[in-house]
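The values are calculated or read from the model by the stated rules, or taken from the named source; none is laboratory data. Here the structure is a predicted model, which is why all the values come from computation and not from measurement. So basically every Cβ, Gly included, is an ideal-geometry build from the backbone, and we count neighbours across all protein chains shown. With ligands, DNA and RNA removed, areas are computed over all heavy atoms of the protein, side chains included. Shrake-Rupley method; radii C 1.70, N 1.55, O 1.52, S 1.80 Å.
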Amino acid sequence: QVQLVESGGGLVQAGGSLRLSCVASGRTFSNYAMGWFRQAPGKEREFVAAIRGIVGRTYYADSVKGRFTISRDTNTVYLQMNSLKPEDTAVYYCAAVNTPARLPTSRSEYDYWGQGTQVTVSS
């Protein structure tokens with residue numbers, strides 16, 4: 001059974017940094033694309049970043065490009081978030097899908113999801 005568990009969320013002031021982690025278990029994830037999404041109150045869940053392979057191609061939403069960095073080892077994916085803004089406040093979710101070739105950016109393309117971790121950025 002695939003399980004994704006996020007950690008690292010919290011409260012930070014604007015301009016600060018946080019590092020989110022997502023530990024995946026249940027199978028080998030080297031061929032999986034891993035992604036981060038976020039959902040603010042009253043809004044749809046939106047794509048943040050994705051990575052394919054261990055040292056593979058990455059893709060970012062325009063809103064976080066240059067501030068966030070996604071990386072991974074075999075079964076853990078990270079999201080380093082710098083220069084945080086109040087509008088980054090949301091629940092952040094880790095997601096995974098078995099696709100060695102694609103780099104999905106839409107919610108519907110991912111099969112597995114974590115429970116989410118809250119990130120709050122104060123102004």
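Of all residues in region 79-104, those satisfying the criterion of being within 11 Å of residue 12 (Cβ to Cβ) and open to solvent by less than 50 Å² (accessible area, probe 1.4 Å) are 81, 84, 88, 89.
The lone criterion from (1) of a type outside the set (Ser, Thr, Tyr); (2) open to solvent by 30 Å² or more (accessible area, probe 1.4 Å); (3) touching a Gly at 6+ places or on another chain (Cβ under 9 Å); (4) more than 17 Å from residue 115 (Cβ to Cβ) left unmet by residue 46 is number (3).
When you go through 21, 71 one by one, which is the residue that is touching a Gly at 6+ places or on another chain (Cβ under 7 Å) and outside any loop (DSSP other than H, G, I, E, B)? Don't jump to the end; show me each part of the working.
On the way: 71 fails: touching a Gly at 6+ places or on another chain (Cβ under 7 Å).
The unique qualifying residue is 21.
The set of residues in region 36-47 that are outside any loop (DSSP other than H, G, I, E, B), within 14 Å of residue 109 (Cα to Cα) and either acidic (Asp, Glu) or in contact (Cβ under 8 Å) with a residue 60 or more places away in the chain (or both) comprises 37, 46, 47. Tallying residues that are aliphatic (A, V, I, L, M), closer than 20 Å to residue 81 by Cα and not in a strand (DSSP E or B) within region 1-18 yields 1.
Collect the residues in region 65-78 that are charged (D, E, K, R), under 24 Å from residue 25 (Cβ atoms) and surrounded by fewer than 15 Cβ atoms within 10 Å (Cβ to Cβ), keeping them in residue-number order. Don't jump to the end; show me each part of the working.
Within region 65-78, the first condition is being charged (D, E, K, R), and the residues that meet it are 65, 67, 72-73.
Checking the rest, the ones that are also under 24 Å from residue 25 (Cβ atoms) come to 72-73.
Within region 65-78, 73 is the sole residue that qualifies.
Of everything in region 1-28, what is open to solvent by less than 50 Å² (accessible area, probe 1.4 Å), within 15 Å of the chain's Cα centre (by Cα) and closer than 16 Å to residue 96 by Cβ? Give them in sequence order. If the condition is that a residue be open to solvent by less than 50 Å² (accessible area, probe 1.4 Å), within 15 Å of the chain's Cα centre (by Cα) and closer than 16 Å to residue 96 by Cβ, then 4, 6, 20, 21, 22, 24 are the ones that fit. Exactly one residue out of 33, 50 is modelled with pLDDT of 95 or more and not in a loop (DSSP other than H, G, I, E, B): that is 50. Cβ-Cβ distances below 8 Å connect the following pairs, each with a first residue in region 73-94 that is modelled with pLDDT under 95, a second residue that is of a type in the set (A, V, I, L, M, F, W, C) and open to solvent by 30 Å² or more (accessible area, probe 1.4 Å), and a separation of six or more residues or different chains: 73/54; 74/54; 75/23; 76/23.
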